[in-house]
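One structure below.
Bear in mind these aren't lab numbers, they're just calculated from the coordinates by the rules spelled out. Just so we're clear, the structure is a prediction, and the values are computed from it rather than from any experiment. Ideal geometry is used to build each Cβ from the backbone, glycine not excepted, and the neighbour counts take in all protein chains shown.
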Amino acid sequence: MNLENIGQALHPLSKRQLLREKNIYPDDSVLKEALKQAFPYYQKFLREISQHEIDLDWRYYHDGNAWLGKGLYRWKGKRGGAKEITVFWLSIWEGYYKVTLFFPMKVAQEVIHLPIDDAIKQLIQNSDSIINQRKNLPVTINLCSFEYLETVMTLIDYKKSLQ
């Protein structure tokens, strides 16, 4: 099973991505309209990532013709220089949001053994990336409730530890 469908397998959701207008910045009013009943869960997600030292940077990407949130972890290097990594990508869909993390394939087995939801583990184990030994393991989770928030935060913390 392709990880792009991870949320679809667990919760049938709309396939329509939103935030397609370049001139409309995704502020809270725009996001509230797009996410509808999932907006309070999105706000909780923002509080959680903030506690994990992650900043969300919104940018419009012309290749996908949509606004995406880039979850950035910033820290000082050993010599005092500023460092940052992209921990995840966030996209807004009709009534929910997707969080996608990319892991190097060399840590795929470690990801599977993290204390995450069993349904997510199973989908990762059966993903096309694992089966075909691709360079990266994408993990996409659709969020419209608190159900997978703990799993997402565990994956975020693990991704931060790889820096």
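Classify the chain from the C-alpha gyration tensor, please: rounded if a/c falls under 1.5, else prolate or oblate depending on whether a/b exceeds b/c.
Numbers: a/c = 1.56, a/b = 1.11, b/c = 1.40.
Verdict is oblate for the chain.
Take the cross-link list Lys15/Lys159; Lys22/Lys44; Lys15/Lys98 and give me the ones stretching past 20 Å between alpha-carbons.
Pairs exceeding 20 Å: Lys15/Lys159; Lys22/Lys44.
If the cut-off is a Cα-Cα distance under 12 Å, which aspartates and glutamates reach Lys70, setting aside same-chain residues fewer than 8 apart in sequence?
Asp55, Asp57, Glu84
Lys and Arg at +1, Asp and Glu at -1: add these up for the other residues within a Cβ distance under 11 Å of Ile85 and post the number. Could you put the intermediate results ahead of the total?
Values: positive: Lys70, Arg74, Lys83, Lys159, Lys160; negative: Glu84.
Within the 11 Å Cβ shell, the charges total +4.
Which order, highest average first, do 144-151, 115-122 follow once you tally other Cβ atoms within 10 Å for each residue and take the mean per peptide?
144-151, 115-122
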